[in-house]
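The values are calculated or read from the model by the stated rules, or taken from the named source; none is laboratory data. Worth saying up front: this structure is predicted, and the values here are computed from it rather than measured. When we count neighbours, we look across all protein chains shown, and the Cβ atoms used for this are built from the backbone with ideal geometry, even at glycine.
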Amino acid sequence: MIVCFDIGGTAIKGAAAYAADDVRPLARQQTPIHDFNAFVSVLKSAIDEIGGTPECVALSITGIIDPDTDTSFIANIPCAHQRPLKADLEAALGLPVLIANDADCCALAEYGVGAGRGHRVVFSAILGTGVGGALVIDGKLINSVGGFAGEWGHAPVAATRAGNPPEDLPRFACGCGLDGCLDAICSARGMEKLHRHLTGKAMAAEEILESWQAGEADAARTIDIYIDMLSGPLALVVNVTGTTIIPVGGGLSNASALLEALDQAVRARILRRFTRPLVVRAECTIEPGLVGAAVLGFDFVRQRSAP
Ligand SMILES: [Zn+2]
């Protein structure tokens, strides 16, 4: 048995995992964001509630761990921010601790029990609050501590001319400090910014998608440009990683027509030919953080017990 946690800025969800497909969540607890001892106590009491000695503790976090220094960057939980989180938790809990970020856990969950089952290379993408992703190859999370590998949303690669007929586009500023990131124009807020830029109308991403499906011309133009901007970089990801499936999570993945349009555009732009969908909705949509942490934990247990 291993104990998994999905740690967010407002709540900590714990679970006992007996297998990747047997994850039993506990009641969620409020995240103590300023007091590290209180933070550790929440984890300890969950472990006590489950009982027995877990083989390890696996965490999904909304942040990154610097792979060179092991320092955590979890801005929304100040008490867990900028410290050697793994070492500190191992000392406090007396158990091996594994940490991956939420995008990494989505990829692990899809590899283990979701749309990526049976695929050697799984690149999973997040389209929602941000544009993110993570890569799992032969069951191994690439750059397992870090949260940098797979981040295709941050680089100044967004096209400045896209759509049919082509439209000149600005390079929107991104929260990471660069201009022209996909995150700034293809996240849900990015889609809204793009639509406002093209039409002058402020609409929520859900409304834009609904209007598009209802055949409204302005929304169709926005989505045409959106798909054009997103599919080129995603096609490059396919060529570079050799992924044979792209499970997509995040809020925008609920729009199945959007994923179908993205799938067609990506498949038309890659070198390898697929006669089946490549971009699909993530299947592990319930507690992907906990399930992904469980997959990470069981891989650690398997490796440790290998001869
Ligand atoms: Zn960025």
Looking for something assigned to a loop (DSSP other than H, G, I, E, B), under 18 Å from Ala15 (Cα atoms) and at pLDDT below 95 - is there at least one such residue anywhere in region 56-75? yes
Output yes when any residue across region 97-104 is among the aliphatic types (A, V, I, L, M), in contact (Cβ under 8 Å) with a residue 24 or more places away in the chain, touching a Gly at 6+ places or on another chain (Cβ under 8 Å) and not in a strand (DSSP E or B), and no when none is. yes
Here are the criteria: (1) of a type outside the set (S, T, N, Q); (2) near the ligand (Cβ under 9 Å from one of its atoms); (3) not in a loop (DSSP other than H, G, I, E, B). Tell me which single one Arg196 does not satisfy. (2)
Considering every residue within region 135-154, establish whether at least one is surrounded by 15 or more Cβ atoms within 10 Å (Cβ to Cβ), among the polar types (S, T, N, Q) and either under 14 Å from the mean Cα position of the chain (by Cα) or away from the ligand (no atom under 15 Å from the Cβ) (or both). yes
Filtering region 252-287 down to residues that are part of a loop (DSSP other than H, G, I, E, B) and charged (D, E, K, R), which residue is nearest to Val23 (Cα to Cα)? Glu287
Going through region 75-112 in order, the residues found to be within 23 Å of Gly175 (Cα to Cα), surrounded by fewer than 23 Cβ atoms within 10 Å (Cβ to Cβ) and of a type in the set (A, V, I, L, M) are Ala75
So, in region 161-174, of the ones that are touching a residue at least 12 places away in the same chain (Cβ under 8 Å), assigned to a loop (DSSP other than H, G, I, E, B) and over 24 Å from Thr129 (Cβ atoms), which residue ends up farthest from the ligand (Cβ to nearest atom)? Asn164
Ser231 meets each of (1) over 21 Å from Arg117 (Cβ atoms); (2) of a type in the set (S, T, N, Q); (3) without any contact (Cβ under 8 Å) to a residue 12 or more places away in the chain with one exception, condition (3)
Candidates Gly215, Gly177, Gly242 - the one that is surrounded by fewer than 18 Cβ atoms within 10 Å (Cβ to Cβ), more than 17 Å from the chain's Cα centre (by Cα), more than 16 Å from the ligand (Cβ to nearest atom) and without any contact (Cβ under 8 Å) to a residue 12 or more places away in the chain: Gly215
Return yes or no: is Val97 modelled with pLDDT of 95 or more and within 24 Å of Ile137 (Cβ to Cβ)? yes
Among the residues of region 18-34, are any free of Cβ contacts under 8 Å to residues at least 12 places away in the same chain, farther than 27 Å from Glu151 by Cβ and in a helix (DSSP H, G or I)? no
Scanning region 180-212 for residues that are without any contact (Cβ under 8 Å) to a residue 24 or more places away in the chain, farther than 18 Å from Gly130 by Cβ and not polar (S, T, N, Q) gives Arg196, Gly200, Lys201, Ala202, Met203, Glu207, Glu210
Selection from region 113-129 of residues outside any strand (DSSP E or B) and crowded, with 24+ Cβ neighbours inside 10 Å yields Gly114, Gly116
Residues being farther than 26 Å from Val301 by Cβ and either among the aromatic types (Phe, Trp, Tyr) or not in a loop (DSSP other than H, G, I, E, B) (or both) - total across region 76-88: 2
Filtering region 50-76 down to residues that are of a type in the set (D, E, K, R) and in contact with a strand residue (DSSP E or B) (Cβ under 6 Å, 6 or more places away or on another chain) yields Glu55
